[in-house]
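The values are calculated or read from the model by the stated rules, or taken from the named source; none is laboratory data. As the structure is a computational prediction, the values presented were derived from the model and not from experiment. All Cβ positions, even for glycine, are placed from backbone atoms using ideal geometry, and neighbour counts span all protein chains on display.
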Amino acid sequence: MPRQTFKLNGQTVTVDVPDNVRLLWVLRDLLGVKGPKYGCGINVCKACTSHINGKAFNPCAVPVGEIGRGDEITTIEGLPDTLPAKKRGPNGLHPMQEAWLDRDVAQCGYCQPGQIMAAVALVRKVRREGRALSASDLDTIRNICRCGTYTRIREAIAEGSRTM
Amino acid sequence: MAAIPRHDQQDQPDQTLGGHDRPDPVGPLPTGGPHSVGRRRFLGYVLGGATLMAAADLGMLAEPAAAAVPTLPQPAELYDLNDALTDSCRPTANLITVTVNEDGTASFALPRSENGQGVTTSTAMIIAEELDLPLSKVEVTLAPARPELLLNQLTGASNTTISTYTPIRVAAAIAKMALLEAAAIQLGDTVELLKSKDGVITAPDGSSVTYGELATKAASLVDREVEVELKSTDEFTVVGTPRNRVDALAAVTGAKEFATDLDVPGALPTMLCRPPTLNGTPKRVLNQQQVEGMPGVRNVALVDTGVAVRALTFGQCIDAVRALDVEWNDGPVAGMDDEDILANLRKAEVPLPSLGLNPLAKTIEADFAFYFRSNSPMDTNSAVADVRSDRATVWAGLKSPIVAQQRIAEALGMAEGQVTVNVVQGGGSFGRRLFFDGALEAAKVSQAMGEPVKLMWHRADDARAGRTHPMCTSRIRATYLAGQVLSFQQSHTSVETDYRHGLGEVLTARAADLPAGLGNQGFAQTVFGLTQEIPYDFGVVTQTLVEADERFNTGSMRNIYSPDVRVAAELVIDQLAAAMRKDPYRFRQEFIRNERVRAVLDKVATVGNWGRSMPAGTAQGIAIHKEYKGASACLVELDARPGTVDRDIRDAVTGPRVTKVVFAIDVGLAINPRGLEAQMQGGINDGIALALTSSLHLRDGHFLEGSWDNYFYTRQWNTPPEVEVIVMPSESGQPGGAGEAGVAAANAAVACAFARATRTNPTYFPINHKDPLAFTPKPFSPPIPQSPVNGLRFTY
């Protein structure tokens, strides 16, 4: 069976699994990384949103064989460590996670790791484009929340974009 | 936790017991009424054990819920669904115990289910308050199925806090009293002079001792009965203050565990291949051996709901499910469409009775249809099951775990005692987890395979074969004359709502005691009668329910009948106002007969600047709702102009946009206003989806919607940019329900705003149901779609 090697949350991991198994299942079922959630398996609900080389993507729609040895995968578990300690918040977390706590966003919490990963990527993207975050940017977020926490998600992203 | 001997538990009724067979709980006490704020002395127990355990004796707390003589006849006004649930809980709720641990924390296993509604947080707050302990030192877990609790383990109808508030307080207060008594010995002072704060007891001389140090000293060798006085509400420093969720940190770090996150040895990923028509059944598998030989696949087994596969990863389950070649029997609605089901409902409708009112009265008649909707949460029906020859263990998000335990035992051919059912936090419920479809199926599959399984429904399964809010119609006839409304008749006709999860049993337990002859009606009639109310002075008011057609997988979707009933009623109220040449807000204000409803209505009208001038194609809408001991009102602004409706967003229904919402809620005592606000915000998004975008389409015997790109729940591009929730101050010392209270008024206000903005009278909901499909249906065979492989093309 092919050996798959890549960087996951700062550590190099190797796992024996066929190339076509989507990364989400490699993370969840084989490596025990449970932050990325299953919500649809077809890249529409975005509950599994994670980062590849710092950009948001959905591992449910990427065969593990497409992940190269040098690719860095970051899940919610590894998000705080993408920043030096002094840039983390009072709970030792990424500023976006801290904003989420401050606004008490989560209800059931199932989609929230994906929401936070998407929010971080959105803020970075808007910055790359040299713009200020707008309400229209928030409207483009495709992550679904069936508890309907959208109001607080919007507040938290605005706050997180100021602090990150 | 050890079983606790209880004097009033000697004749524990069995599960099938009707109310009239059960000894009545202790009758009214000399002090206090149903909503007494003043009553604060209660009996309870310090329980024998190694560390301090305190319990409330709910038998002694019992007070009848309905005491006042009603002035008007609508049943929900004097005795609502929550009274029925609370009363049915009384004889067993006394098994509620709070434990103080040697590390200074307090722990409590809540016999309810947490699915995001915030009951673990509000419960921890109640304990922290009464025990004078920091919130962070209270640990609330979810109790497994405890048959000794009998019926008191159902999470539904927003009843958790209503029914558990006082017993939890009593148990915590008794624990604090025992700590104070132990501290008095230790510190050589009298209890009265000691002060407890933040888990430390301090004497006047400054000496102190912590709860942790006292936990074993305060323990009792034997159970002893004690009397305790609860804090008065003016002393509250935790309850009533906005607090963040106790599980927030776990949620934002990915550490919060749901059923599919559990690691149970050997419980490999498992999925089902389901029939192409709704509720079809498998005949036989034609290629079992071939599928068993696929990469990662370990087992294939036929069960009554489909063909199960167990593999090393869910990805390999998906491959195997798609490869299975199965012969199926058709389900009961094979070949049928929405409109066939609607035609059946129309046949079941009963004519509104003639009231023989003044012949000069004018009449408004209206007729609405509400299509099937999905209560599928983000976390699909999932469960872990480990079934052995002599015992079974199941883990799942369950709102009726005792009934689940009974049914699973029955299906496995085991005694109830051989089945352990653990309650896991659910990733949303919206009524879905009142049922245990995933848990029951997981147990059957585990038994058939002889292996532990981690069963997960694919999203397509959850969307198409999961529970739905039933299709229904609502007809209204209202008459008016000379500035008065003489009558308001509403008749609701619905595909059957399934209550077989045990809510029915709870109600049965009290059926004989229900007022107004409700005891003779069926469960649906009872729930309808106990939840619905028209809080307006409209002369002769009737609301009736007819249920027909039991072929669908239905359930009590968040707020059950109320969203549809309110939409129909509030739209007609706008029509009445227009016919009588009155402003919709002023009209409501004039006819409302409940002060709490009037207060929330006035609040949203003022804060939301009702009546402000708005451009053509946009409008405000206003509506109210009264239920679950609470009153709510909602004002929305909606933009139905083409530029908004026709926004181009990939795989989306944009539609009219609600641009602003002002929502006022009076639940009585709001334990955690911040959590209550969150529940209202969520309910608002539900209401918007129900009115504008989300429904299931039945075509040729199956629901077309297979995922979130087909079923259009509110998304960021639909959600209101401006939302203000006002939690009303309340004199009441009693909490009301929160989990569902946001949906009905929001749904109705959006419907009213849409009607006003478009100058139409919508007759079906959601308003886009008959538009051309906004998606291409995914295939039904194989029943689940393959995961894409192009994910790296969409990075950002």
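Data table
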| item | result |
| --- | --- |
| Residue count, segment B:437-452 (criterion: farther than 21 Å from B:Thr497 by Cβ and either in the same structural domain as B:Ser491 (by TED's automatic domain parsing) or surrounded by fewer than 24 Cβ atoms within 10 Å (Cβ to Cβ) (or both)) | 7 |
| Test: B:Leu278 is touching a strand residue (DSSP E or B) at 6+ places or on another chain (Cβ under 8 Å), modelled with pLDDT under 95 and surrounded by fewer than 16 Cβ atoms within 10 Å (Cβ to Cβ) | no |
| Selection within segment B:188-206 - more than 21 Å from B:Asp103 (Cβ to Cβ) and outside any strand (DSSP E or B) | B:Gly188, B:Asp189, B:Thr190, B:Val191, B:Glu192, B:Leu193, B:Leu194, B:Ala203, B:Pro204, B:Asp205, B:Gly206 |
| Count - residues of segment A:1-25 that are crowded, with 21+ Cβ neighbours inside 10 Å and within 7 Å of chain B (Cβ to nearest Cβ) | 3 |
| Leading residue by the ranking (farthest from the other protein chains (Cβ to nearest Cβ)) among those in segment A:124-157 that are among the small types (Gly, Ala, Ser) and under 24 Å from B:Gly116 (Cβ atoms) | A:Ala156 |
| Hits in segment B:713-764 (condition: aromatic (Phe, Trp, Tyr) and surrounded by 24 or more Cβ atoms within 10 Å (Cβ to Cβ)) | B:Phe754 |
| Test set (1) touching a residue at least 12 places away in the same chain (Cβ under 8 Å); (2) at positive phi - B:Gly739 fails condition number | (2) |
| Within segment A:40-57, tally of residues that are farther than 21 Å from A:Arg128 by Cα and either in contact with a Gly (Cβ under 8 Å, 6 or more places away or on another chain) or surrounded by fewer than 20 Cβ atoms within 10 Å (Cβ to Cβ) (or both) | 5 |
| Index of the failed condition, B:Tyr371 passing every other in (1) in contact with a strand residue (DSSP E or B) (Cβ under 6 Å, 6 or more places away or on another chain); (2) of a type outside the set (Asp, Glu); (3) surrounded by fewer than 24 Cβ atoms within 10 Å (Cβ to Cβ) | (1) |
| Pair list, Cβ under 7 Å, 6 or more apart: segment B:705-726 residue in a strand (DSSP E or B), other residue at pLDDT 95 or above and surrounded by fewer than 21 Cβ atoms within 10 Å (Cβ to Cβ) | B:Glu722/B:Thr659; B:Glu722/B:Lys660; B:Glu724/B:Val607; B:Ile726/B:Lys603; B:Ile726/B:Val607 |
| Every residue from segment B:357-394 that is more than 14 Å from chain A (Cβ to nearest Cβ), under 24 Å from the mean Cα position of the chain (by Cα) and within 30 Å of A:Asn43 (Cβ to Cβ) | B:Tyr371, B:Phe372, B:Ala383 |
| Wholly enclosed helices (runs of 4 or more DSSP H) of segment A:76-164 bearing at least 3 residues within 15 Å of the chain's Cα centre (by Cα) and surrounded by 23 or more Cβ atoms within 10 Å (Cβ to Cβ) | A:95-102, A:112-128, A:150-163 |
| Of all residues in segment B:412-434 being in contact with a helix residue (DSSP H, G or I) (Cβ under 6 Å, 6 or more places away or on another chain) and within 11 Å of B:Ala383 (Cα to Cα), the one that is farthest from the other protein chains (Cβ to nearest Cβ) | B:Val421 |
| Residue in segment B:378-389 that is of a type in the set (Lys, Arg) and farther than 30 Å from B:Phe712 by Cβ present | yes |
| Residue match in segment B:414-424 (condition: under 27 Å from B:Leu278 (Cα atoms) and either part of a helix (DSSP H, G or I) or at pLDDT 90 or above (or both)) | no |
| Residue that is surrounded by 24 or more Cβ atoms within 10 Å (Cβ to Cβ) and part of a loop (DSSP other than H, G, I, E, B), where the choices are B:Asp390, B:Asp379 | B:Asp379 |
| Selected residue (only one of A:Gly78, A:Gly39, A:Gly65 is under 27 Å from A:Tyr150 (Cβ atoms) and more than 8 Å from chain B (Cβ to nearest Cβ)) | A:Gly78 |
| Residue count for segment B:222-254, restricted to those that are assigned to a loop (DSSP other than H, G, I, E, B), within 14 Å of chain A (Cβ to nearest Cβ) and within 20 Å of B:Ser107 (Cα to Cα) | 5 |
| Hits in segment A:28-37 (condition: within 14 Å of A:Pro113 (Cα to Cα), buried (at least 24 other Cβ atoms within 10 Å of the Cβ) and in contact with a helix residue (DSSP H, G or I) (Cβ under 7 Å, 6 or more places away or on another chain)) | A:Gly35, A:Pro36, A:Lys37 |
| Matching option when the condition is facing another protein chain (nearest Cβ under 7 Å), touching a residue at least 12 places away in the same chain (Cβ under 8 Å) and among the small types (Gly, Ala, Ser), among A:Ala99, A:Ala121 | A:Ala121 |
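To keep it simple, each residue is scored yes or no on (1) in the same structural domain as B:Ile560 (by TED's automatic domain parsing); (2) touching an Asp or Glu at 6+ places or on another chain (Cβ under 9 Å).
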{"residue": "B:Ala678", "(1), (2)": "yes, yes"}
{"residue": "B:Ala689", "(1), (2)": "yes, no"}
{"residue": "B:Asn747", "(1), (2)": "yes, yes"}
{"residue": "B:Asp771", "(1), (2)": "no, no"}
{"residue": "B:Thr795", "(1), (2)": "no, no"}
